[in-house]
Amino acid sequence: MYSSVTIFCGSRLGNNPLYQQHAKAVGTLLVQHQIHLVYGGGNNGLMGIVANEVIDNGGKVTGVMPQLLAEKEAAHDHLTAMHITEDMHARKKLLFSLADAAIILPGGVGTLDELFEMMTWNSLTIHDKKIILLNSAGFYNHLINHLEQMYNDGFLYTHWQQMLTVCDCPDNVIRALLL
């Protein structure tokens, strides 16, 4: 069982209401299973929904935000702990080190950057943390197809499914954590 997970997701809500429903459900399930949330530290978008759901249900939340974003974005002010880092790279290192696994919800290029850095670090055996992709409403279908193409064309050392577990709903995300 994992005691803490890092969640990577959008600082925006996205256009499909299911993204918000899934973010809220993930937050609820983390608290039900006493899993500490580690995330980017903002109060906006899907990341704000997950954090607020955990906080509202009595769970623990740690934010990690680089100084640049702390000055620009709305840093959440009701967290259990907040770490301010020098830059984005230091942020990612700390986010990875504070958690036992990662869950990826829909998001933009920052979310993809974080996903691919974690996958790269797994590939290079820098860590072996479980990475779970929540494919809400098929949001990541094109990415999954591209990962398969990269494997089929010989650009991955191992099949992408050895580095990434894909789930279609929050309940399956928690089941994947419990395996």
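Within the stretch 1-59, the residues that satisfy the criterion of being within 15 Å of residue 102 (Cα to Cα), among the hydroxyl-bearing types (Ser, Thr, Tyr) and not in a loop (DSSP other than H, G, I, E, B) are 4, 6, 39. Contact map, the stretch 61-78: first residue more than 26 Å from residue 31 (Cβ to Cβ), second residue surrounded by 14 or more Cβ atoms within 10 Å (Cβ to Cβ), Cβ cut-off under 6 Å, separation 6 or more or different chains; pairs are 66/85; 66/88; 66/91; 67/84.
Within the stretch 75-93, if we keep just the residues that are surrounded by fewer than 18 Cβ atoms within 10 Å (Cβ to Cβ) and touching a Ser or Thr at 6+ places or on another chain (Cβ under 9 Å), the residue that is nearest to residue 134 (Cα to Cα) turns out to be 93. Of all residues in the stretch 141-174 being at pLDDT below 95 and loosely packed, with under 11 Cβ neighbours inside 10 Å, which is nearest to residue 7 (Cα to Cα)? Once the filter is applied, the top-ranked residue is 158. When residue 70 is tested against (1) modelled with pLDDT of 95 or more; (2) more than 23 Å from residue 127 (Cβ to Cβ); (3) in contact with a strand residue (DSSP E or B) (Cβ under 7 Å, 6 or more places away or on another chain), only condition (1) is not met.
Highlighted here are the helices (runs of 4 or more DSSP H) found entirely within the stretch 63-179 that include at least 1 residues which are over 23 Å from residue 43 (Cα atoms): 109-123, 141-152, 170-178.
Within the stretch 120-138, track down each residue that is in contact with a strand residue (DSSP E or B) (Cβ under 9 Å, 6 or more places away or on another chain) and under 23 Å from residue 27 (Cα atoms).
If the condition is that a residue be in contact with a strand residue (DSSP E or B) (Cβ under 9 Å, 6 or more places away or on another chain) and under 23 Å from residue 27 (Cα atoms), then 129, 130, 131, 132, 133, 134, 135 are the ones that fit.
Take residue 96 and decide whether it is closer than 20 Å to residue 133 by Cα, aromatic (Phe, Trp, Tyr) and modelled with pLDDT of 95 or more.
Working: closer than 20 Å to residue 133 by Cα: yes; aromatic (Phe, Trp, Tyr): yes; modelled with pLDDT of 95 or more: no.
Considered against the rule, which asks whether it is closer than 20 Å to residue 133 by Cα, aromatic (Phe, Trp, Tyr) and modelled with pLDDT of 95 or more, residue 96 comes out as no.
The values are calculated or read from the model by the stated rules, or taken from the named source; none is laboratory data. As the structure is a prediction and not an experimental result, all values here were calculated from the model. Every residue, glycine as well, gets a Cβ built from its backbone with ideal geometry; the counts of neighbours run over all protein chains shown.
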